[in-house]
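In what follows, a single structure is set out as structure tokens and then discussed.
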Amino acid sequence: MVNQRMLGLGTARSVIRELFEYGKIRAAQVGAENVFDFSLGNPSVPCPQEVNDTAVRILREQPEVIHCYTSAQGDQEARQRFAASAPAIPPTSSTLPWGPPPPCAVCSTA
């Protein structure tokens, strides 16, 4: 027997995929050069050379970390480095249009 809730989750189209399909339709209508479709991580602009160089370096130096998933919250070291480089302005309802983020038990933010 199939769990009906899981069946519903697995068969419903996601909004991100709907946006992707809309981008393809618009590209056919107005030309791909006029559509910037970032819906599924498919940018229409070239990747900066520094990103390419870093990816190649990591492939050579750390092949064991390339073919693996991070946790849903992201790589802890990368998160810490990003947080250290970000402005020290805590998100509030005045800095985020949708209000402050919910508390996060993993990263200990409130």
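None of the figures in this text is laboratory data; all of them are computed from the coordinates on show. What you see is a predicted model, and the numbers here were worked out from it, not measured in a lab. Glycine gets a Cβ as well: all are built from the backbone with ideal geometry, and neighbour counts include every protein chain shown.
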Any trypsin sites (Lys or Arg not before Pro) in segment 1-39 that lie in a DSSP loop and have at most 16 other Cβ atoms within 10 Å would be 13
In whole angstrom, largest first, the equivalent ellipsoid semi-axes that the Cα gyration tensor gives for segment 1-49 are 31, 14, 5
At R0 = 30 Å the Cβ-Cβ FRET efficiency linking residue 22 and residue 47, nearest 0.05, sits at 0.80
Between the modelled labels at residue 70 and residue 55 (7 Å from Cα along Cα→Cβ) the distance in nm is 1.6
Those chymotrypsin sites (Phe, Trp or Tyr not before Pro) from segment 1-65 that are DSSP loop and have at most 16 other Cβ neighbours within 10 Å turn out to be 36, 38
